[in-house]
Amino acid sequence: MQIKDIVQEKKQQNIQILKEYLESFKNRSRAESNLLTILHKVQELFGYLDKEAIEEVATIIQVPLSHIWGVATFYHYFKLKKPGKHIISVCLGTACYIKGADEIVAKLKEELKTDLGGVSEDGLFSFEEARCLGACSLAPVVMIDDKIYGNLTPQMIPQIIKEYKRKHKE
Ligand code: FES
């Protein structure tokens, strides 16, 4: 079985779990008042608000899709895009800012071709900001998954990103 098929199979399993979960919310008024709880469940199952899953929610609890997306976009907590395989957190805390975090952000934007809060086109990286990663003496700092990169300069960024891309090609 190919990885693509495994991913699809897992997704269908999660859709099934979601459908069973939604059974108890079929009464419309109750469903609307529990919409946030339901969206949390979708994010827990899929890691973000998967479009197909949200369509299931709309159909089963009979709430318009536009209303659901309206609620989802109001709260920053909800992820509307599938997260990248790696999470890049760039520190924008005071120490990092003073040491040039804005230049690191600019270089990462260029490399990943996405803004803060986005996902790189190849789906490999989520690009997020953080407020002090607890390594101020190494400022400016970026964390990729659970690894800290300190004393960064913009020139170091392409090589770091390239290394992660290379690992995925192996
Ligand atoms: S301010 Fe960036 S690690 Fe503390």
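The table for this structure:
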| read-out | value |
| --- | --- |
| Output for segment 31-85, where each listed residue is of a type in the set (Val, Ile, Thr) and either closer than 16 Å to residue 10 by Cα or outside any helix (DSSP H, G or I) (or both) | 42, 63 |
| Considering residues of segment 128-142 that are outside any loop (DSSP other than H, G, I, E, B) and over 20 Å from residue 115 (Cβ atoms) only, the residue nearest to the ligand (Cβ to nearest atom) | 136 |
| Matching entry among 90, 105 (being assigned to a helix (DSSP H, G or I), surrounded by 14 or more Cβ atoms within 10 Å (Cβ to Cβ), in contact with a strand residue (DSSP E or B) (Cβ under 7 Å, 6 or more places away or on another chain) and outside the structural domain of residue 34 (by TED's automatic domain parsing)) | 105 |
| Residues (surrounded by 13 or more Cβ atoms within 10 Å (Cβ to Cβ) and either touching a residue at least 40 places away in the same chain (Cβ under 8 Å) or not aliphatic (A, V, I, L, M) (or both)) located in segment 63-79 | 69, 78, 79 |
| Criterion (outside the structural domain of residue 24 (by TED's automatic domain parsing) and away from the ligand (no atom under 13 Å from the Cβ)) met by exactly one of 99, 79 | 79 |
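The values are calculated or read from the model by the stated rules, or taken from the named source; none is laboratory data. The shown structure was predicted, so the numbers you read here are calculated from the model rather than taken from an experiment. Here Cβ is always computed from backbone atoms with ideal geometry, including for glycine, and neighbour counts include all displayed protein chains.
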